[in-house]
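Here the structure comes first, spelled out in structure tokens, and everything after it is commentary.
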Amino acid sequence: MLTVFWDMQGPITISFLEKGSTVNSANYCELLRQVKKDIKNKRRGHQSKGVILHHDNARPHTAAQTVQTINELGWELLPHPPYSPDLAPSDFHLFGPLKAFTRGTKFESDNEVKSVVSDWLRHQSKDFYAEGIRKLVHRWEKCVTVLGDYVEK
């Protein structure tokens with residue numbers, strides 16, 4: 001499983017869950033701490049405070065331990081209405097083009113998949129990522145207008 005944390009400039013953290021592992025609050029919190037380090041290293045001059053985190057309502061994301069970690073990191077959490085996959089930028093902007101890029105490719109190993117996917121993510125333009133954030137703003141405004149009901153495009 002791929003988890004990507006990204007902003008208007010591109011990927012901050014790219015993480016692949018090891019085979020046989022499942023996402024739980026403990027390993028998600030560890031990943032969030034890694035994201036904080038990556039922000040400091042990759043976005044010099046931008047503090048890791050003032051981060052607005054957006055993730056869906058999956059159980060590891062809403063667990064008490066995760067909420068506590070986000071608070072400890074000093075990040076703001078952008079609320080995510082239930083059953084709104086149309087508000088997850090990775091779902092509506094990132095994964096579609098990535099799937100199209102890899103469609104029909106036969107990979108020899110998991111490591112090859114990780115390498116190709118990571119390279120693709122790193123080589124998308126800043127404009128590509130900025131557009132995904134702009135789309136989120138537009139979709140978020142529509143969602144607020146309809147009081148959290150399902151929004152499509």
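Quick check on Trp6: is it touching a Leu at 6+ places or on another chain (Cβ under 7 Å) and either open to solvent by less than 60 Å² (accessible area, probe 1.4 Å) or basic (Lys, Arg) (or both)? In short, no.
Restricting attention to region 93-104, which residues are without any contact (Cβ under 8 Å) to a residue 60 or more places away in the chain and either open to solvent by 70 Å² or more (accessible area, probe 1.4 Å) or not polar (S, T, N, Q) (or both)?
His93, Phe95, Gly96, Pro97, Leu98, Lys99, Ala100, Phe101, Arg103, Gly104
So the check is Cβ under 7 Å with 6+ separation or different chains; which pairs have a first residue in region 72-92 that's at pLDDT 90 or above and a second one that's surrounded by fewer than 12 Cβ atoms within 10 Å (Cβ to Cβ)? Partner pairs satisfying both residue conditions: Gly74/Lys49; Glu76/Ile52.
A quick yes/no check of all residues on (1) touching a Gly at 6+ places or on another chain (Cβ under 6 Å); (2) open to solvent by 30 Å² or more (accessible area, probe 1.4 Å); (3) in a helix (DSSP H, G or I):
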| site | (1), (2), (3) |
| --- | --- |
| Pro60 | no, no, yes |
| Gln68 | no, yes, yes |
| Asn71 | no, yes, yes |
| Pro81 | yes, no, no |
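Among the numbered conditions (1) surrounded by 13 or more Cβ atoms within 10 Å (Cβ to Cβ); (2) at pLDDT below 95, the only one that Leu121 does not meet is (2). So for region 32-44 (the condition being over 25 Å from Phe128 (Cβ atoms) and not basic (Lys, Arg)), does at least one residue qualify? Taking every residue of region 32-44 in turn, none turns out to be over 25 Å from Phe128 (Cβ atoms) and not basic (Lys, Arg). Annotation: of all residues in region 105-118 being in contact with a helix residue (DSSP H, G or I) (Cβ under 8 Å, 6 or more places away or on another chain) and loosely packed, with under 15 Cβ neighbours inside 10 Å, the one that is nearest to Ser84 (Cα to Cα) is Thr105. Residue-level analysis places Lys40 outside the set of residues that are closer than 16 Å to Gly10 by Cα and open to solvent by less than 80 Å² (accessible area, probe 1.4 Å). For region 127-147, the condition holds for no residue, the condition being that it is within 19 Å of Gln9 (Cα to Cα), more than 17 Å from the chain's Cα centre (by Cα), modelled with pLDDT under 95 and of a type in the set (S, T, N, Q). Does Val23 meet the test of being of a type in the set (A, V, I, L, M) and part of a loop (DSSP other than H, G, I, E, B)? So Val23 fits the description; yes.
The values are calculated or read from the model by the stated rules, or taken from the named source; none is laboratory data. Because the structure is predicted, anything quoted here is derived from the model rather than measured. Positions of Cβ are generated from backbone atoms using ideal geometry, with glycine treated the same way; all protein chains shown enter the neighbour counts. Side chains are part of the model used for accessible areas, which takes the heavy atoms of the whole protein and leaves out ligands, DNA and RNA. Shrake-Rupley method; radii C 1.70, N 1.55, O 1.52, S 1.80 Å.
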